[in-house]
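The values are calculated or read from the model by the stated rules, or taken from the named source; none is laboratory data. Because the structure is a prediction, the values reported are computed rather than measured. Here the Cβ positions follow ideal geometry from the backbone for every residue, glycine too, while neighbour counts run over all protein chains shown. Accessible surface areas use protein heavy atoms only, side chains included; no ligands, DNA or RNA. Shrake-Rupley method; radii C 1.70, N 1.55, O 1.52, S 1.80 Å.
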Amino acid sequence: MSTVKFTVSYSGAESEDHQIDLYDAAQALMGFQRSLALTAHLLLNQEIITQAPSLKGARILASPSEEGSWKLTAVVLMTGTGIYNAMTAQANSPLGHLMYSLYDYVISESLGFHVDYNKSLGVLYEEARKKNPQLVPVREAQADSLIEKCAHAIVEIHRPIVKTKTATNCKITADYGKGSRPLQIELDEETFSYIHESFRSPVPNLFEGRITSYNTNTFKGRIYVPALERPIAFNLEPQAQSKGSLQIIATSLFHNALKQYFEKGCTVYVVAFLNTSKAGALKSLTITKVSDKPFA
């Protein structure tokens, strides 16, 4: 069995006196548990669930709060499914590190801190597969879809900071056998503003890139834009949801998945409005037109 401990701790305002609004705390912890459950399930089962109780291959338990602070530790017990059954019995199982890295990827990307998949999770999976060739990696497109599913849960973790304001900051740390390690970003009012508020540009812009993920049910996905050096979330406006547009998107996604970056159809061209945070950071694109050729 592999174990990872995730600790959520609040600081500032009334939390410094070891008190926090109970309702806010309850909602925040529900969001914390949900985000961990969806992440663990994807890691262990290679599929994304929408309900935390559907978690398979792991249990999430709560340790008692520490005296003198406002902290709560969630213990993720991973018993494994499929190939992971064998991995959980290994002395130096990489599961803990993978769980930490995937969760860090989801939280960081959700709050505007870009994490290069290939240099983080990609490298870890390459190392893990040397000992476990049958291991099926969580693909970048799956990790990006997980971000969308965890969005509301991450908003709820901010609740003590932005509702009754009984705290000003939230820090999440993990311990998977190599000491405590924090996520790359802390939660505060600024990160809440980033994930919760969006401002649409008055006029659209032209972009080119390749599709890294796409959800046929929600018409949402992510596009890697070389000019920005990172993937950007997008949604398709109704006028961009034609059969022809969806074929262009599917073709780009196919070539990108196979890393056929120079194949015809891998690059797409879009007309899109920019959705930014209050501070002006680009969050997503609202696409109104899609083409497989540059716009004149």
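Worth pointing out:
- Exclusive hit being modelled with pLDDT of 95 or more and not in a loop (DSSP other than H, G, I, E, B), set Glu156, Glu127, Glu148: Glu156
Residue by residue, here is whether (1) of a type in the set (A, V, I, L, M, F, W, C); (2) at pLDDT 95 or above; (3) under 21 Å from Ala141 (Cα atoms); (4) in contact with a Gly (Cβ under 7 Å, 6 or more places away or on another chain) holds:
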{"residue": "Asn235", "(1), (2), (3), (4)": "no, yes, yes, no"}
{"residue": "Gln239", "(1), (2), (3), (4)": "no, yes, no, no"}
{"residue": "Ser242", "(1), (2), (3), (4)": "no, yes, no, no"}
{"residue": "Gln247", "(1), (2), (3), (4)": "no, yes, yes, no"}
{"residue": "Ser252", "(1), (2), (3), (4)": "no, yes, yes, yes"}
{"residue": "Gln260", "(1), (2), (3), (4)": "no, yes, yes, no"}
{"residue": "Gly265", "(1), (2), (3), (4)": "no, yes, yes, no"}
{"residue": "Val270", "(1), (2), (3), (4)": "yes, yes, yes, no"}
{"residue": "Pro294", "(1), (2), (3), (4)": "no, yes, no, no"}
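- Here is the figure for region 130-143: residues that are of a type outside the set (A, V, I, L, M), part of a helix (DSSP H, G or I) and either surrounded by fewer than 18 Cβ atoms within 10 Å (Cβ to Cβ) or modelled with pLDDT of 90 or more (or both) total 3.
- Evaluation of Asp24 against the conditions (1) in contact (Cβ under 8 Å) with a residue 60 or more places away in the chain; (2) not in a helix (DSSP H, G or I) shows that the sole unmet condition is (2).
- Residue in region 111-120 that is in a helix (DSSP H, G or I) and either closer than 21 Å to Arg59 by Cα or open to solvent by less than 10 Å² (accessible area, probe 1.4 Å) (or both) present: no
- Test set (1) modelled with pLDDT of 90 or more; (2) more than 14 Å from Leu183 (Cα to Cα); (3) under 15 Å from the mean Cα position of the chain (by Cα) - Gly112 fails condition number: (2)
- Of all residues in region 176-187, those satisfying the criterion of being at pLDDT below 95 and open to solvent by less than 90 Å² (accessible area, probe 1.4 Å) are Tyr176, Gly177, Gly179, Ser180.
- Every residue from region 196-218 that is touching a helix residue (DSSP H, G or I) at 6+ places or on another chain (Cβ under 8 Å), of a type outside the set (S, T, N, Q) and at pLDDT below 95: His196, Tyr214
- In region 138-150, the residues that are more than 17 Å from Lys283 (Cα to Cα) reach residues that are surrounded by 20 or more Cβ atoms within 10 Å (Cβ to Cβ) and polar (S, T, N, Q) with C-beta atoms within less than 7 angstrom, at least six apart or across chains, in these pairs: Glu140/Thr212; Ala141/Thr212; Ala141/Ser213.
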